[in-house]
1. Do we find that residue 107 is within 20 Å of residue 29 (Cβ to Cβ), touching a residue at least 40 places away in the same chain (Cβ under 8 Å) and out of contact with any strand residue (DSSP E or B) (no Cβ under 6 Å at 6 or more places or on another chain) in this structure?
2. Which residue out of 41, 36, 66, 48 is under 14 Å from the mean Cα position of the chain (by Cα), surrounded by 11 or more Cβ atoms within 10 Å (Cβ to Cβ), over 18 Å from residue 110 (Cα atoms) and at pLDDT 90 or above?
3. Which of the residues that make up segment 87-120 are loosely packed, with under 12 Cβ neighbours inside 10 Å and over 16 Å from the mean Cα position of the chain (by Cα)?
4. Mind listing whichever residues of segment 77-86 are touching a helix residue (DSSP H, G or I) at 6+ places or on another chain (Cβ under 9 Å) and surrounded by fewer than 13 Cβ atoms within 10 Å (Cβ to Cβ)?
5. Hey, residue 76 hits all of (1) without any contact (Cβ under 8 Å) to a residue 60 or more places away in the chain; (2) part of a helix (DSSP H, G or I) but one; which does it fall short on?
6. Is it true that residue 30 is part of a helix (DSSP H, G or I), without any contact (Cβ under 8 Å) to a residue 24 or more places away in the chain and surrounded by 16 or more Cβ atoms within 10 Å (Cβ to Cβ)?
7. Do we find a residue being under 18 Å from residue 38 (Cα atoms) and touching a helix residue (DSSP H, G or I) at 6+ places or on another chain (Cβ under 9 Å) anywhere in segment 50-61?
């Protein structure tokens, strides 16, 4: 009879694999909402870009439309009025530049820097 060596994961190995998996899951729970908020911003900017007469709106009204679109999609937590820049040149350029900081582990933070701009037609 042939003796077979036992294969498998020890308890310590299982705990290490579980800890690494939990670390990735925790990191994902911190990072994914940042990108969902950015996706809502891109969608709101595209909607604003395709709005008829958006080019002729006042900067105050453009800013309000954008903030209201973000508020409706529950994405106005990190994007404030100060982050929205409106510049008139050949067209109206609406730029949003913001940063999101989420605490991660101890004194370490996850930082996301997001920027998007569109030209209104």
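The values are calculated or read from the model by the stated rules, or taken from the named source; none is laboratory data. Predicted model, so just to flag it, every value in this text is computed and none were measured. No Cβ is skipped: glycine too gets one built from the backbone with ideal geometry, and neighbour counts run over all protein chains shown.
1. When the stated conditions are applied, residue 107 does not pass them.
2. After applying the criteria, what remains is 41.
3. 88, 89, 90, 105, 106, 107, 108, listed by residue number.
4. 77, 80, 81 - these are the residues of segment 77-86 that are touching a helix residue (DSSP H, G or I) at 6+ places or on another chain (Cβ under 9 Å) and surrounded by fewer than 13 Cβ atoms within 10 Å (Cβ to Cβ).
5. Unmet for residue 76, out of (1) without any contact (Cβ under 8 Å) to a residue 60 or more places away in the chain; (2) part of a helix (DSSP H, G or I): (2).
6. It is false that residue 30 is part of a helix (DSSP H, G or I), without any contact (Cβ under 8 Å) to a residue 24 or more places away in the chain and surrounded by 16 or more Cβ atoms within 10 Å (Cβ to Cβ).
7. no
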